[in-house]
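The values are calculated or read from the model by the stated rules, or taken from the named source; none is laboratory data. Note that the structure is predicted; figures quoted are calculated from it, not measured. Heads up, the Cβs are rebuilt from the backbone with ideal geometry, glycines too, and the neighbour counts pull from every protein chain shown. The protein model used for the area step is the full one, side chains on, heavy atoms only, and it has no ligands, DNA or RNA in it. Shrake-Rupley method; radii C 1.70, N 1.55, O 1.52, S 1.80 Å.
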Amino acid sequence: MHRGLKPLLAVVAVGLAAGCSSPSQPQVTFYSHGDAVAVDAAQYCDPTGQECSPPKPEAVGELRMVDRDPLQISVPTEVAGAPWQVVFLYRGLNGQELDGRSPVFTPDSRHSYTLQLPPDGARIEHVEVQQFSAVLSQGADGGVDFGIGGSWVLNVKQ
């Protein structure tokens, strides 16, 4: 199965085209080194992906991460009730920007995830929780492409 991941800008474009209803918007909580921040959705759609809230580019959380502490992420039932994953950007010791992602979590299988950095001293810079919505299309390779129906964004301060 192919899972198409659309960057946040594509989600914003889909949201603009998808209608103006505002589904209730859950928050995602990010926690590290004794500090937590609850983040509103930058984009949130109903489970079909048809009715989306207006994009909120200002809905970006900030959290300071100290040393090599992990980042804990907690999602409410409204997010965990659909497939979701964590996408992240980090910077290696040589300054190279690298990206990664968690596995896709099946509906109602878990409500939290702990992001551990690679042991090479890399620093996390950006984290996004992505909730998938209804199937948008069949992929070019015969697999299925899923749309991102919800996106919660965190920028990490060092």
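Could you please give the count of residues in segment 1-52 that are of a type outside the set (D, E, K, R), assigned to a loop (DSSP other than H, G, I, E, B), at pLDDT below 50 and under 24 Å from Ile124 (Cβ atoms)? Talk me through it step by step, then tell me what you get.
Applying the first criterion (of a type outside the set (D, E, K, R)) to segment 1-52 yields 1-2, 4-5, 7-34, 36-39, 41-45, 47-50, 52.
Next, from what is left, pick out any that are assigned to a loop (DSSP other than H, G, I, E, B): 1-2, 4-5, 7, 18-27, 33-34, 41-42, 47-50.
Right, trim to at pLDDT below 50 and you get 1-2, 4-5, 7, 18-23.
Then keep just the ones that are under 24 Å from Ile124 (Cβ atoms); that gives 5, 7.
Going through segment 1-52 one residue at a time, the tally reaches 2.
Would you be able to tell me the number of residues in segment 88-104 that are out of contact with any Pro (no Cβ under 9 Å at 6 or more places or on another chain) and farther than 18 Å from His33 by Cβ?
Applying the first criterion (out of contact with any Pro (no Cβ under 9 Å at 6 or more places or on another chain)) to segment 88-104 yields 88-89, 91, 93-97, 99, 101-103.
With the extra rule that they be farther than 18 Å from His33 by Cβ, the set shrinks to 89, 91, 93-97, 99, 101-103.
Total meeting the criteria: 11.
For segment 26-76, taking the residues that are open to solvent by 60 Å² or more (accessible area, probe 1.4 Å) and free of Cβ contacts under 8 Å to residues at least 40 places away in the same chain, the one that is nearest to Ile148 (Cα to Cα) is identified as Glu51.
Residues satisfying the criterion are present in segment 105-113 (criterion: in contact with a helix residue (DSSP H, G or I) (Cβ under 9 Å, 6 or more places away or on another chain), under 22 Å from Ser32 (Cα atoms) and basic (Lys, Arg)). Checking the structure you have, find out if any residue of segment 80-90 is touching a Leu at 6+ places or on another chain (Cβ under 9 Å) and open to solvent by 80 Å² or more (accessible area, probe 1.4 Å). No: segment 80-90 contains no residue that is touching a Leu at 6+ places or on another chain (Cβ under 9 Å) and open to solvent by 80 Å² or more (accessible area, probe 1.4 Å).
Here is a yes/no grid of residues against (1) touching a helix residue (DSSP H, G or I) at 6+ places or on another chain (Cβ under 7 Å); (2) farther than 23 Å from Cys45 by Cα; (3) at pLDDT 95 or above; (4) open to solvent by less than 40 Å² (accessible area, probe 1.4 Å):
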site	(1), (2), (3), (4)
Gln96	no, yes, no, no
Gly100	no, yes, no, yes
Val127	no, no, yes, yes
Leu136	no, no, no, no
Val144	no, no, no, no
Ile148	yes, no, no, yes
